[in-house]
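Student: Sharing a structure with you now.
The values are calculated or read from the model by the stated rules, or taken from the named source; none is laboratory data. None of the values given here were measured: they were computed from a predicted structure. With ideal geometry, Cβ positions are generated from the backbone for all residues, glycine too; neighbour counts draw on all protein chains shown.
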Amino acid sequence: MKDQPPQKDKEPDSFKEKLARVKYSVLRNKFALSAGALILTGALLSNNDVDTAQEPEKLSYSQFYDKLTEEGDKSIKNAFITINEDNKPVIKGEFDDKTPYYTERPLTDSGLFDDLKNAKKDGKIESYDIIQPDPPNAVLGFAAAMLVPLVLLGGLMAGYLYYTKKGGKKMEPTLPQNNQTKFKDVAGADEAKEELIEIVDFLKAHKNGKTMANNLGGQCPTGVLFTGDPGNGKTLLARAVAGEAGVPFFAISGSDFVEMFVGVGASRVRNLFDQARKSSPCMIFIDEIDAVGKQRGHGLSRSSDEQEQTLNQLLVEMDGFNKDTGVIVMAATNRPDMLDSALTRPGRFDRKIIVPHPDIKAREQILNIHMKKIVIDPDLDIHEVAKGSIGMSGADLANLVNEAARTASRRNAEYVTLKDFEDTRDKIWMGAESKLVLSPEERRTTAYHEAGHAIALWVNNNKDLHKISIVPRGKALGVTMAIPETDKYSMHLQDLKNDLVMLYAGRMAEEYLYPGNPTTGADNDIERATGLARNMVTRWGMTWAGNKENKFGVVNYAPNSLTGAYAEKSQQTQEHIDQEVKNISIGAMEEAAKLIRDHEQEFTAIAEALLEHETLNRQQIEDAIAGRPIKSHKTEIKAGNDNSPEEKTGKALASQSTLSTPGM
């Protein structure tokens, strides 16, 4: 016997064989699932007792009984007794012409079976029988009941998994060729642009395959946080950085990260930063970052969990960047006090840039940019427009220019004049002129009310009186407009007291005209004066009498700007605060009443001039006080153009006599 050759040990499966077996297993499982689904569908369809054939004719029981004994095309051929879906006995069958019929059998008829038996015996019907209904299939019934909920649940789970994995739609960057914004397009933010120049140099260096550090080894910031009021150009600055560097620009809002499903926002953050790395060098700009970057630990809801998970992922992604990724993160917010401290720390946002409201020089630069798009009067002095637009942001100035052009267009003018800008500014600040017609008494009351504000401004000289009017605008029956001599960023106690006197002077003017019988027109004045007086006590440690009689000390009792919670204080302290606010109000009212009595002649001259001309600019107010003839607006070429040399720039102040009802 020949020796058998020794068998080799079985070689382990190759990778291809294992892969083939896995594929076969997957296909087998898919086939089994598909077959099971088909079987279940077929069973459900087969179990559905729906007759797709000819619709049966419904007979009353008496008609059925008559046809049972008839002969002809419509006589009964067969009859089968069964139970329908409503658990009622029915009779189904065919006529001799093979058309179907059915009828309901009354429970009181006990002789039906004998009648059918006799009819078959006599040859009038071919057959009859009693059919027992099929017992319900418990498994298929349960499967049918659960099919729709399972499909809906599966769809929700699939959507959740998809959004969690993909993070929603893919972010597409704004390419350099589609972003032509440069620093020259951003006016009035010179300090901010200086801070951003090295960011531009950093991105350009990475674009050319280099790294950048200063000669002392300092590295470029990896994150920049813009703060400031709305409309001052935070987003525009971010676009200008990307435009100057010529790199892709990802822009997204903080609210885009927050979703209903927990985990989707975090996935979207990962997706954004992954795409940014692939597009390096590039820039990410997150607008309104406070929507996702709020301080953690202030909520217990599911939405709070989602926000915190998204913030945690953002913190991880920002901290994970090294200095050579070529990705700069910029963000903007109007509420930096709401941001989590871990987000604003160095290493994430190394540089914080405040974008303030423009001063007069910046306003003039911004107006120059926007006025290039319209046709303006060749003699227009842009400096005058800038002086009259105090307190406006860059967005406000853009709107001012656009609305002035529309105002000029409505009167079919060849170009936009200074009057168009002034009319538009008054409309933005005080509302459009109303067609409300005042009675002679209300008109006189409003004129004296506004004259009271005007004489207080004139005497104290703490603001530069610009214009007064008794033409109704919006809810205001009249308005007094003033422009500060200079831009002010802090105020002395005397300045605040002068403001309070001016606000209460309208009410005291009504008391002068109708002693003991004032109107509700001082509603807005009283509200503003009360707020100012309370701030003097609770925020700035001031009283009407000054520090000599300050019983509170320099202590802040104002509510927290973030939470709204008031500082802890006793009931006695709160009562003292309320009393001091009243003392300030009483002191301002007494001072206003005294001022009107001391300057009664000038006060009444302004009021009577208002009744005659309705609107007075500064020059006309001076003429009224001096007793000179007042030139009417209708005879002026450029009404409202105030060329007074004393007028300087600053923040506008307007006092309105409001249209209100008692109790509002």
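Student: Among ALA331, ALA362, which is within 23 Å of THR235 (Cβ to Cβ), small (Gly, Ala, Ser) and either touching a Gly at 6+ places or on another chain (Cβ under 7 Å) or in the same structural domain as LEU465 (by TED's automatic domain parsing) (or both)?
Tutor: Values: ALA331 fails: either touching a Gly at 6+ places or on another chain (Cβ under 7 Å) or in the same structural domain as LEU465 (by TED's automatic domain parsing) (or both).
Matching residue, one of ALA331, ALA362: ALA362.
Student: Looking at the structure I just gave you, is ASP420 of a type outside the set (Phe, Trp, Tyr), more than 16 Å from LEU477 (Cβ to Cβ) and part of a helix (DSSP H, G or I)?
Tutor: It is true that ASP420 is of a type outside the set (Phe, Trp, Tyr), more than 16 Å from LEU477 (Cβ to Cβ) and part of a helix (DSSP H, G or I).
Student: Then there's this: Here are some conditions: (1) without any contact (Cβ under 8 Å) to a residue 24 or more places away in the chain; (2) touching a helix residue (DSSP H, G or I) at 6+ places or on another chain (Cβ under 7 Å). LEU465 meets all but one. Which one does it not meet?
Tutor: Against the list (1) without any contact (Cβ under 8 Å) to a residue 24 or more places away in the chain; (2) touching a helix residue (DSSP H, G or I) at 6+ places or on another chain (Cβ under 7 Å), LEU465 comes up short only on (1).
Student: Residues of region 537-553 being modelled with pLDDT of 85 or more and in a loop (DSSP other than H, G, I, E, B), which ones?
Tutor: Matches in region 537-553: ARG539, TRP540, GLY541, MET542, THR543, TRP544.
Student: Hey, can you tell me all the residues within region 395-417 that are in a helix (DSSP H, G or I) and either within 19 Å of ILE483 (Cα to Cα) or basic (Lys, Arg) (or both)?
Tutor: Passing the criteria: ASP396, LEU397, LEU400, ARG406, ARG410.
Student: Answer yes if at least one residue in region 408-416 is under 22 Å from ALA189 (Cα atoms) and either among the acidic types (Asp, Glu) or in contact with a helix residue (DSSP H, G or I) (Cβ under 8 Å, 6 or more places away or on another chain) (or both), and no otherwise.
Tutor: no
Student: Name the residue, out of ARG425, ARG444, that is of a type in the set (Lys, Arg), outside any strand (DSSP E or B), assigned by TED's automatic domain parsing to the domain that holds ARG528 and over 19 Å from ASN498 (Cα atoms).
Tutor: ARG444
Student: Which ones in region 606-654 are part of a loop (DSSP other than H, G, I, E, B), at pLDDT 85 or above and over 21 Å from LYS427 (Cα atoms)? Quick ask: steps written out before the conclusion?
Tutor: Step one: list which residues in region 606-654 are part of a loop (DSSP other than H, G, I, E, B), which gives 614, 627-632, 636-652.
Next cut, at pLDDT 85 or above only: 614, 627-629.
Across region 606-654, the qualifying residues are GLY627, ARG628, PRO629.
Student: Across region 449-477, what is the number of residues that are over 33 Å from the mean Cα position of the chain (by Cα) and either assigned by TED's automatic domain parsing to the domain that holds ASP423 or not charged (D, E, K, R) (or both)?
Tutor: Of the residues in that region, 19 qualify.
Student: Quick check on GLU510: is it in contact with a His (Cβ under 8 Å, 6 or more places away or on another chain) and part of a helix (DSSP H, G or I)?
Tutor: Answer is yes for this residue.
Student: Can you tell me which residue among ALA447, ALA451, ALA476 is closer than 22 Å to ALA592 by Cα and in contact with a Phe, Trp or Tyr (Cβ under 6 Å, 6 or more places away or on another chain)?
Tutor: So the residue among ALA447, ALA451, ALA476 that is closer than 22 Å to ALA592 by Cα and in contact with a Phe, Trp or Tyr (Cβ under 6 Å, 6 or more places away or on another chain) is ALA451.
Student: Checking LYS387 against (1) modelled with pLDDT under 90; (2) surrounded by fewer than 17 Cβ atoms within 10 Å (Cβ to Cβ); (3) touching a Lys or Arg at 6+ places or on another chain (Cβ under 9 Å), only one condition comes out false. Which one?
Tutor: (2)
Student: Right, next: Out of the residues in region 204-226 that are in contact with a strand residue (DSSP E or B) (Cβ under 8 Å, 6 or more places away or on another chain) and either surrounded by fewer than 21 Cβ atoms within 10 Å (Cβ to Cβ) or at pLDDT below 90 (or both), state the one that is nearest to ALA332 (Cα to Cα).
Tutor: Here the answer is GLY223.
Yes/no per residue for (1) in a helix (DSSP H, G or I); (2) farther than 23 Å from LEU311 by Cα; (3) modelled with pLDDT under 85:
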| site | (1), (2), (3) |
| --- | --- |
| ALA192 | yes, yes, no |
| ALA240 | yes, yes, no |
| ILE252 | no, no, no |
| PHE261 | no, no, yes |
| ALA266 | yes, no, yes |
| ASP274 | yes, no, no |
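Student: Which members of region 409-437 meet the condition of being within 29 Å of the chain's Cα centre (by Cα), aliphatic (A, V, I, L, M) and under 18 Å from ARG363 (Cβ atoms)?
Tutor: Of everything in region 409-437, just one residue is within 29 Å of the chain's Cα centre (by Cα), aliphatic (A, V, I, L, M) and under 18 Å from ARG363 (Cβ atoms), namely ILE428.
Student: Considering only residues that are crowded, with 20+ Cβ neighbours inside 10 Å and in contact (Cβ under 8 Å) with a residue 60 or more places away in the chain, look in region 244-253 and name the one that is nearest to LYS193 (Cα to Cα). Full working, then the answer.
Tutor: Applying the first criterion (crowded, with 20+ Cβ neighbours inside 10 Å) to region 244-253 yields 244-245, 247-250.
Next, only the ones that are in contact (Cβ under 8 Å) with a residue 60 or more places away in the chain stay: 244, 247-250.
Working: GLU244: 11, VAL247: 17, PRO248: 19, PHE249: 18, PHE250: 20 Å.
Residue satisfying both the conditions and the ranking: GLU244.
Student: Among residues belonging to region 458-508 that are of a type in the set (Val, Ile, Thr) and surrounded by fewer than 19 Cβ atoms within 10 Å (Cβ to Cβ), point out the one that is modelled with the lowest pLDDT.
Tutor: So in region 458-508, the residues of a type in the set (Val, Ile, Thr) come out as 459, 468, 470-471, 479-480, 483, 486, 501.
In the following step, the residues that additionally are surrounded by fewer than 19 Cβ atoms within 10 Å (Cβ to Cβ) were identified as 459, 471, 486.
Working: VAL459: 90, VAL471: 89, THR486: 67.
Per the criteria, the residue is THR486.
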